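The values are calculated or read from the model by the stated rules, or taken from the named source; none is laboratory data. Please read these numbers as outputs of a predicted model, since none were measured by experiment. Neighbour counts are summed over all protein chains in view; Cβ atoms, including those assigned to glycine, are modelled from backbone coordinates with ideal geometry. Ligands, DNA and RNA are stripped out before the accessible areas are found, and what is left, the full protein with its side chains, is counted by its heavy atoms. Shrake-Rupley method; radii C 1.70, N 1.55, O 1.52, S 1.80 Å.
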Amino acid sequence: MARLFLKPGKERSLQRRHPWVFAGSVDRLEGRARPGDTVEVLSDDGRLLGRGAWSPASQIRTRMWSFDPATVIDHAFFKRMVSSSVARRAWHPWLAQQDGVRLIHGESDGLPGVIADRFGAVVVLQLTSAGAERWREAIVAALVQATGCAAVYERSDSDVRGLEGLEPRSGCLHGELPDGPLWITENGVRLEVDVVAGHKTGFYLDQRDNRLLTGQLARDRSVLNCFCYTGGFSLQALAGGARSVLSIDSSAPALEGARRNLAHNPQLDCGRAEWQQADVFEALRALRAEERAFDLIVLDPPKFAPSAAHAERAARAYKDINLFGFRLLAPGGILMTYSCSGGVGLELFQKIVAGAASDAGVDARILHRLGAAPDHPIGLAAPEGEYLKGLAVAVG
Ligand code: SAH
């Protein structure tokens, strides 16, 4: 096995169990390793710190599989890691009964570059690192064994694979997808999941608890749901007794999915729902010009800042939509506003939202600080994994 020696002092973050070795920390690689091969990681004075996956194309030159010098990285390792990750979900009362649940959340579950979402009997797998790619077969076998799933479908078509020198890949890795669409029930609402062509792995599971909270706050309120995708927040708002729900997204297929979702929930009053295909930045201005007002507004935009380098431009975009959000709130209204940008931390996000409230001339207070559901844990040693942050802010 090749041995990666760190520069002096560069072992400190690994000793805190942070799983990444950046290119700038590497002194030399002794021996030969292909992308994804397991390497021993050593301090400059030769102490073995653990084992990780070598990724020469990436700025993150190695992602650690283990910090225990005694741990061997083999099929049995992946079997253990996958089964304990799945068991953590089975144990949690908010997750155990869900049809749609994230089973493996990458670094936070000790499996860098591995994402696995279960939708009923189908597991969708996304591999985004050279190490994960190398162990694909072991990971699939472990998932099948831990879940008894009928199919594993790969959706490794995320852009971030390019940073690891990997091509996009998708298709069935085990079993077959069922004929026809896949449906899950999330807190009483039926939702279609298009694992083949939907965004990411097909559905945004991370917002599950926040969608439920939105439903609980929506009774008798007029709701505006911006960036609605397939209507997850909209349907929970209707289930919670919203008076009306206007949902906006720029994607026609997403809105078609949203309409199908509504049609499959006959308990919901479809007369209260309105769907609009538009750019949210323009739509918010138009609503303002029409002097519309809403009691509850959800802003769940896509990632404006994939990394800290994009933070400034992203900050302007967040400021813009939140400013218009506040301007469109009726007195006593609530803004539920999110950022899923890794490059914008909670502190900065809260500052942006505060700036927007102040520019809109409203008095505002935070009711809830929100984050991803517990099947998207945050590694304490790698807090940058906290990508989703949200604020429920009341005005007036
Ligand atoms: N809230 C959704 C997830 C939102 S994902 C849920 O709970 O499932 C972000 C969505 O924003 C995507 O559906 C994408 O099509 C849409 N989108 C991206 N840029 C947009 C823009 N400028 N205007 C309107 N929609 C946009």
* Asked: What does the helix-only formula give at 222 nm for the chain: each DSSP H stretch with n ≥ 4 adding -39500 (n - 2.57), the total divided by the residues, and the result rounded to the nearest 500 deg cm²/dmol?
  -> -8500 deg cm²/dmol
* Of the DSSP beta bridges with both residues in the chain, give the percent that are antiparallel, rounding to the nearest 5. => 65
* For the range 75-182, give the percent of accessible area contributed by carbon and sulfur heavy atoms, probe 1.4 Å, rounded to a whole number. => 53
* Structure fact -> Measuring from its Cα centre, the range 3-66 shows a charge dipole (+1 at each Lys and Arg Cβ, -1 at each Asp and Glu Cβ) which, in debye to the nearest 20, is 180
* Straight distance only, please: which aspartates and glutamates reach the Cα of residue 7 with their own Cα at less than 16 Å, same-chain residues fewer than 8 apart left out? => 27, 30, 40, 44, 45
* **Normalised alpha carbon radius of gyration of the range 204-395 [divisor 2.2 N^0.38 Å]** => 0.97
* Structure fact -> To the nearest Å², the heavy-atom accessible area per residue of the chain with 1.4 Å probe amounts to 44
* Structure fact -> So, relative contact order of the chain in percent, Cα under 8 Å, 6 or more apart, is 11
* **Relative contact order (percent, whole number), the range 15-113, Cα cutoff 8 Å, 6+ residue spacing** => 22
* Once you charge only the Cβ atoms, +1 for Lys and Arg and -1 for Asp and Glu, what is the size of the charge dipole of the chain about its Cα centre, to the nearest 20 debye? -> 700
* **Projected area, mean over directions - the range 75-182, Cα convex hull, nm²** => 6.6
* **Nearest 10 degrees, 0 to 90: helix 75-91 Cα axis against the chain principal axis** => 30
* Hey, any idea what Rg/Rh is for the chain, computing Rh the Kirkwood way over Cα pairs? -> 1.00
* Structure fact -> Relative contact order as a percentage, the range 3-66, C-alpha pairs under 8 Å and 6+ apart, gives 38
* **Straight-distance crosslink candidates among lysines, where the alpha carbon sits under 24 Å from residue 351 and sequence neighbours closer than 8 are dropped** => 303, 319, 389
* Asked: If r is the Cβ-Cβ distance from residue 90 to residue 381 and R0 is 35 Å, what FRET efficiency results, to the nearest 0.05?
  -> 0.90
